[in-house]
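Taking it in order: structure first as structure tokens, then the write-up.
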Amino acid sequence: MSQPLNIALVGMGRMGQAIEALVADSPHTIVARFDATHPLADVRDPEDELGGADIAIDFSTPDVALDHLHQYCFWGLDAVVGTTGWTDDLAKVEGWVEEGQNGILWAPNFSLGVAVLVRAIRGTLPLLDRLADYDPYIHEAHHVHKLDSPSGTALLLANELLDGLSRKTRIETETQHGRIDTDALHVTSARAGVIFGEHTIRIDSPVDQLMFRHVAKGREAFAAGAVSAAAWVHGRTGLFTLDDMLAEWMP
């Protein structure tokens, strides 16, 4: 059992609320809360205003994610970050972490089921790369309030396929009104209702089809993964992903 943590919760939307509900029934404590009405950017005295937090769990918005990451590193505060939209600046964040000597664990999806799915797909790619007739594509669906499209998880899965398949060289996210290039991996999205998150990889051939699918039943799965990640990364130094945590768990 990990030690109890004092957590600064950054982002009080649906994910923040799910984490707060989960932490209420755990040894950990929420000691500070930040949102658009009480932004992290307004903190002037972190020692006082963060309430003695050991770590931040950040599910805010893409427009402030990079600024938040800079603040955590400047303060030397460990953080778990589920906000997407900043990874084009990954090298910059690595430099900040090196200066801050803190631990940052980020993931586009904190469902441990998705992490298992990634590893399952990764295991099939060496063989799939030799089977040229099998053509993969990805479709994801989320609720109408989701801010980004395609989802960070869909892009994570797509990049795994690109890394493992020599015949696919780029991701295509736009609707195709004509013949798609054979080197393009098509990634499509739907936004409807209250769907928590569905990600499907289909691999089609002239004779059969394979399907890998993850369906989230609620935000509790993401909240549990984020809290587990917080317990794992606290006290470590470096920029990590959920895959690093799972790799340590593997025999």
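Before moving on, here are some points about what is shown:
- Counted by Cβ distance under 14 Å from residue 245, the other residues give a net charge of -2, where Lys and Arg count +1 and Asp and Glu count -1.
- Radius 9 Å from Cβ of residue 170, net charge of other residues (Lys, Arg +1; Asp, Glu -1): -2
- The Cβ shell under 13 Å around residue 150 holds other residues with a net charge of -3, Lys and Arg each +1, Asp and Glu each -1.
- Ordering 133, 244, 54, 67 by the number of other Cβ atoms within 10 Å of each residue's own Cβ, fewest first, gives 133, 67, 244, 54.
- As a length-normalised measure over Cα pairs under 8 Å and 6 or more apart, the relative contact order of the chain settles at 23 percent.
- Of the labelled figures (1) 38, 17, 15; (2) 35, 18, 17; (3) 27, 21, 16, only one reflects semi-axes √(5λ) of the Cα gyration tensor in Å as derived from the coordinates, namely (2).
- Whole-Å distance, taken between Cα centres, linking segment 173-216 and segment 79-153: 16
- Modelled spin labels at residue 184 and residue 6, positioned 7 Å past Cα toward Cβ, are 5.3 nm from each other.
- The Rg/Rh ratio of segment 113-177, with Rg taken over Cα atoms and Rh as the Kirkwood radius over Cα pairs, comes to 0.99.
- 250, 245 arranged by Cβ crowding within 10 Å, fewest neighbours leading: 250, 245
- Likely footprinting exposure, 140, 47, 160, fewest C-beta neighbours within 10 Å first: 47, 160, 140
- Working note: 222 nm ellipticity from helices only, DSSP H runs with n ≥ 4, each -39,500 (n - 2.57), summed and divided by the residues of the chain, gives -11000 deg cm²/dmol to the nearest 500.
- Hits among lysines - C-alpha to C-alpha of residue 146 under 23 Å, sequence gap 8 or more where chains match: 217
- Measuring r between the beta carbons of residue 29 and residue 177 and using R0 = 35 Å, the FRET efficiency lands at 0.05.
- Counting only DSSP beta bridges with both residues in the chain, the antiparallel share comes to about 35 percent.
- Between 0 and 90°, nearest 10: helix 90-100 axis offset from the chain longest Cα axis: 30
- Highest-MSF residue in the chain out of 107, 224, 21 [GNM, Cα springs under 10 Å]: 21
- Whole-number D in µm²/s for segment 80-218 (Stokes-Einstein; Kirkwood sum over Cα pairs; 37 °C, 0.692 mPa s): 200
Each reported figure results from applying straightforward, stated rules to the coordinates on display, with no laboratory input. Computed from a prediction, not measured in an experiment: that's the story for all the values here. Here the Cβ is made from the backbone with ideal geometry for all residues, glycine too, and neighbour counts use every protein chain on show.
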